[in-house]
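Engineer: Dropping the structure in here first, questions after.
Only the coordinates and a few stated rules stand behind these numbers; no lab work does. Every value quoted in this text rests on a predicted model; they were computed, and no experiment measured them. Here the Cβ is made from the backbone with ideal geometry for all residues, glycine too, and neighbour counts use every protein chain on show.
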Amino acid sequence: MVGLGNPPERFAGTRHNVGVEATERWASVLRCELAAQRREQARVGAATVGTLRVTLACPTTFMNESGRSVGVLVKRHGITDPSRLVVIHDELDLEPGQARLKAGGGTAGHNGLASIANQLGTRDFTRLRIGIGKPPRPEAGRKWVLQRPTRHEEPMIDAALDLAVTGLDVLVREGIEAAMNITNARRRRPESPAQ
């Protein structure tokens, strides 16, 4: 399980870092400490979920260099089936409050996914996409992902992070179809609190 983001010292709480936030949230539930590993260029921890040992990681590289870290992690853990790698990341094409699990697919202009696909030579890894919504103007995308969510969006993104954690747990315990039934079933945008 790899949560994508940028180095937390400067980018904690930004839209681009929701993958890291979801991974940290699940690690907290599992009482799994994510410790810095220089060789992997990531904060890494391990926990037992059901009968399986799961490795959680948050690269400490910048987003567009995520593949460097993921390549080392995949090699170190002997992952030969790319579907066993789950990448958790932000998604402009999903509204805040939504999360979607999918097997394989394109990169949709996401620099972190592109870096991983280039490093591994495949796009067949599993993705857990967390919605951050689109900016008001398409050309503002880069600035949008590096900003914090608005007060209106925060509770919706928080709900999506909780949904992501539940989905990850079900994915490990029961498989991808059961997890997709949970994460992908939430089609409507959740109601935001009264202003």
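Engineer: What relative contact order, as a whole-number percentage, does the chain give when Cα pairs under 8 Å and 6 or more residues apart are counted?
Structural biologist: On the way: 386 pairs, mean separation 47.0, N = 195.
In percent, rounded to a whole number, it is 24.
Engineer: Determine the percent antiparallel among the DSSP beta bridges restricted to segment 56-195, to the nearest 5.
Structural biologist: Working: 5 of 11 bridges.
Among the beta bridges of segment 56-195, antiparallel pairing accounts for roughly 45 percent.
Engineer: On to the next question. Need the C-alpha centroid separation for segment 68-138 versus segment 1-20, integer Å.
Structural biologist: 13
Engineer: Taking every pair of alpha-carbon atoms in the chain, give the share separated by more than 27 Å as a whole percent. Mind showing how you got there, number by number?
Structural biologist: On the way: 4007 of 18915 pairs.
Result for the distance tail: 21 percent.
Engineer: Between Arg137 and Glu33, how high is the FRET efficiency from 1/(1 + (r/R0)^6) when r is the Cβ-Cβ distance and R₀ = 35 Å? Nearest 0.05. Kindly include the intermediate steps, with their values, before the conclusion.
Structural biologist: On the way: r = 41 Å, r/R0 = 1.17.
It comes out at approximately 0.30.
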